[in-house]
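Okay, so here's the structure we're looking at.
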Amino acid sequence: MDLNAHLGGPIQKDKLWFYTGGQYYRTKNYPTGFPEAVDYKQPRWFGKVTSQLSPSTSMNLSLEIDTYNGINRGAGANVSPEACVDQKSPEIVGHFSLTHLLSSRSFFDLKVAYFWGYYYLDPEVGKDVNSHFSLDENFLYDSSGYFFYADRTRFQANVSYTHYAEDFIQGDHDFKFGVEIERSTVRNRYGYTGKNHIKYFDYYGEPYLAYQYEGYDTNTRYARLEAFAQDSWQITPRLNINAGLRFSQNWGTIKDVEGIVYNTRRIAPRIGFTLDLFGDKTTVLKGHYGQFTEAMFSSYHDRLNPASAYSDYIGYYWDYDTEEWVEFLRLQHEELYRLDENIKHPYLNQFTVSLERELFKDASFTVTYIYRDWKNIIGRYDTLSDYVQVPVTVGYHVNQTFNVYKLTTGDAHAYVLANIKKGDPWVLENPYRRYQGVEFLFNKRFSNRWQLLLSYVYSKAWGTMDNGFADDIGWSDRDGLHTGDPNYWINADGNSTVDPTHMLKVQGTYILPFDISFNAYFRAITGNAWTTRYRTARFPQGRVTFFVEPRGSHHYPMDKQLDIRLEKIFRFGDKYRLGLMLDVFNVFNADTITSWGTRIGYDWIPGDWPSTEGHQLYSIVRPRQARVGIRLIF
C-alpha cells in the first residue's frame, strides 16, 4: 500500500513558497518457507519552505519525519515466527541551504543538515524467553535470543565557492572550492535475552552447547573534515580536462576514553578528460582516474570502547555423564583490541575509459571499461594466538583431506586492528579485492513517442577479501573466523559474493494510442557466488567452518524478470489531471533461487531435497505482484 499526498505553492508572490507531503507506505513480504508476512508500516512527512531573499540570494529550509516499524524481521525458512524480532526506527532530518550570487560568474553555497534517529530490535516474545537452535533440524525456536539498540545523531555542513573564468590560462575554467565538516555520535547496545542471557543449541532434542552474553553498551563518536578543489577546464572546443584534489581528515573518539583513538588523513587526486574526436560531437572519448576515500564510520574504532562496556562472552558444552554445563570458552574484553599506530584510511583506485558514438538522431552507443582496486584494507590479527595443523578429511563428493588449524593457546587474545598484509600473524594470503567490467550501452532518448535504454555488462569481482558492505573496513568475519585466524584463508582467493558475470538490462517506454504510456523493464543478472563449506568436530576454539573449494566456485541461477507499467492521464479543465497506473512485477512469475544451504553434510546433503540438488532452500525471488495506483495533480 502506498498512499501519499503533496501540496505546494506560493505564500508570497515571487518571494516565498511552500511544499509539504505525506506518505503512508506499507509492505508485506512472504519469505520462502515462512508462514507469516514480514509486515512494515512507514508513515512519512516532509515540509519545505523556499525563499528568494533578494535577486541574488535564495534559501530553503526543510524537515522530514519518518517512522519505519515492522514485525517478523529475521524471518526465513529455518526460523519460527516467535523467533523473529520487532523493529522500531523513527528518524528526523532537518536541512538548510543558502545560495548567494556574488557576480554573473561566481556564487557561494552553504548547506547544513542534522539527523537524529534510532533503530531498535526486540524479540517478538519479549526478553524473558531463551532461544533454542536445533542443530539437527537447522531451525531456530522460541525466541530470537537477542536485542539490539542503535542510537544515531549526525551534523554536517558544506560550504563551496564556484567561479567561472573565461579565456584564462589556455581556455575556460569552471573552478569549485569547498569544505565539508561532519560530527556524528553512535551508541550501540546488544545482548542475549532469556534467563541468564543464554542462547541454547540443541541436538536431537538434547542440550549440546550454550553461549552466555549479557552484551555491550558502546558510545563512539567521530568527526570528519574535508576540503576540495576542482576545475573543469575547456582547453579547446574539442578537449575538456576535469581535475581535482580532495583532502580528508578523520578523528575518532570514544566516551570515557581520553584523547583521539583514530586519526587518519589523506589526499585523493582525480583527473579525467573528454575528447571530441572529430570535432562534430558525434564521437566522444572519455577517460578518468580517481582515488575515492572510504567514508568515515564508527566501525573503525568502536571495538576500542573500555572493558566496562562489555560483559564476558562464555561458552558451555553439555556433559552427558554429569548432566551439567561445562565452561569451555571465556572471552574477556580487557585490553582485547588496540589500533595499529600507523593505520591508514581505506580508499578505492578506479580507472575508466569509454567511447561514445552517435548512431542516428537521439541515439548513441557507448563502450566503457571499468577497473577498481581497494587499498589500505583493514582487518585484525592476534599477537597471542598460535596454531598447529591437523588433517581433516571431507567425504561426500569432495573426498579430500585438508590441513586445518587448531588453536593451542587457549583464551588469551590481543587483537590489533591494522591495514593487514601477508606476513602479519597468521595472515596467510595477500588481502586484496578487485573488480573489472566492460559495459555496452545503447541509449535512445525520448522522441517520436518512444525511448529505449539497453545495457550489457560483462564483469568479474574477485579477491581474498569479500565485497560485503564492511569487508574492507575491519568487519570481514565469516562463520566465526576473522582475518587473524589461519582457517579464514583456506581457499579464500576466488570470486566475490556479489559477482554478476552477466548483467543485461532493457528499459523502454512507448506511447500507445489514446496516450497510454507503456513502460517495460527486463533484466537478466547472474546470481551471487557461493562456496562449498565444511564444519569440523570441536576444536579448542570451537568447531571450524572452512571453504573446501576456491571462494565463489559456483553461482546461483541467472535471475530473469520483467516488470511493466501502463499509465493513462486524464485532463479535467486547465488545472486538474488524474493518473491511473497498473504495475505488474515479475510478469512471468520467475522462481529463481537466491540462497540455499552450502555446508556439506548439514544443509547440503546429496540425495536429500531433490528439487534443489540436495541443498536446503532458503530464499527465492518474490513472486508475481500487481499494483494499482491513482494520482490527482492540480
Model label zone, Ser447; criterion: amide N under 18 Å from point 7 Å along Cα-to-beta-carbon; scope the stretch 355-391:
356-366
Which cross-chain or sequence-distant (5 or more) residues have an amide H under 5 Å from the amide H of Thr501, H modelled 1.01 Å from N in plane?
Thr526
Given points 7 Å out from each Cα along the Cα-Cβ axis, report the Glu323 to Leu275 separation in nanometres with one decimal.
8.3
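Using 29 Å as the Cα-Cα cut-off, could you pick out the over-long pairs in Lys286/Lys375; Lys422/Lys460; Lys41/Lys575?
Details: Lys286/Lys375 25 Å; Lys422/Lys460 23 Å; Lys41/Lys575 33 Å.
Those over the limit are Lys41/Lys575.
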If I ignore ligands, DNA and RNA and count only protein heavy atoms, how much of Phe175 is accessible to a 1.4 Å probe, in Å² to the nearest 10?
40
Just checking my list [x] -0.33, -0.46, -0.77, -0.97; [y] -0.67, -0.74, -0.92, -1.00; [z] -0.43, -0.60, -1.03, -1.29 against log10 I(q)/I(0) by the Debye sum over Cα atoms at q = 0.06, 0.07, 0.09, 0.10 Å⁻¹ computed from this structure; which label fits?
[z]
Between the stretch 557-626 and the stretch 334-374, what is the separation of their alpha carbon centroids in Å?
30
Give the aspartates and glutamates reachable from Lys176 as a straight Cα distance under 18 Å; neighbours fewer than 8 places away on the same chain don't count.
Asp109, Glu166, Asp167, Glu226, Asp231
Using each residue's phi in the stretch 194-209, evaluate 6.51 cos²θ - 1.76 cosθ + 1.60 at θ = phi - 60° and report the 3J(HN,Hα) Karplus result to the nearest Hz, with x for Gly and Pro.
x, 4, 6, 6, 10, 9, 10, 10, 9, 9, 6, x, 10, x, 9, 9
Cα gyration tensor of the stretch 1-76, axes a ≥ b ≥ c as square roots of the eigenvalues: rounded (a/c below 1.5), prolate (a/b > b/c) or oblate?
prolate
Charges at C-beta only: +1 for Lys and Arg, -1 for Asp and Glu. How large is the resulting dipole of the chain about its Cα centre, in Debye rounded to 20?
2840
Note down the accessible area of His100, probe 1.4 Å, to the nearest 10 Å².
60
Assigning unit charges at the beta carbon (Lys, Arg +1; Asp, Glu -1) and nothing else, what dipole magnitude in debye, to the nearest 20, does the stretch 58-189 show about its Cα centre?
480
Go through the stretch 419-430 residue by residue and turn each phi into a ³J(HN,Hα) via Karplus (6.51, -1.76, 1.60, θ = phi - 60°); whole Hz please, and just put x for glycine and proline.
6, 5, 8, 4, x, 5, x, 6, 8, 8, 10, 6
Can you tell me which lysines have their Cα less than 18 Å from the Cα of Lys13? Leave out same-chain residues fewer than eight positions away.
Lys48
Linear extension gain, Ile11 paired with Ser106, 0.36 nm per residue minus alpha-carbon span
31.3 nm
Given 0.36 nm per residue, what is the gain on full extension from Asp128 to Tyr369 after removing their alpha carbon distance, in nm?
81.2 nm
If you average the C-alpha positions of the stretch 148-183 and of the stretch 226-273 separately, how far apart do those two centres end up, in angstrom?
10
Could you work out how much longer the chain between Ser553 and His288 gets when fully extended? Use 0.36 nm per residue separation minus the Cα distance between them, nm to one decimal.
92.2 nm
Applying the Karplus parametrisation 6.51 cos²θ - 1.76 cosθ + 1.60 with θ = phi - 60° to the phi angles of the stretch 436-442, what ³J(HN,Hα) value in whole Hz is obtained for each residue in order, glycine and proline being reported as x?
8, x, 10, 10, 10, 10, 10
Per residue, how much accessible area does the stretch 459-570 have with a 1.4 Å probe, in Å²?
40
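The values are calculated or read from the model by the stated rules, or taken from the named source; none is laboratory data. Nothing here was measured: the structure is a model prediction, and the numbers come from that model. Positions of Cβ are generated from backbone atoms using ideal geometry, with glycine treated the same way; all protein chains shown enter the neighbour counts. Ligands, DNA and RNA are excluded from the accessible area calculation, which covers all protein heavy atoms including side chains. Shrake-Rupley method; radii C 1.70, N 1.55, O 1.52, S 1.80 Å.
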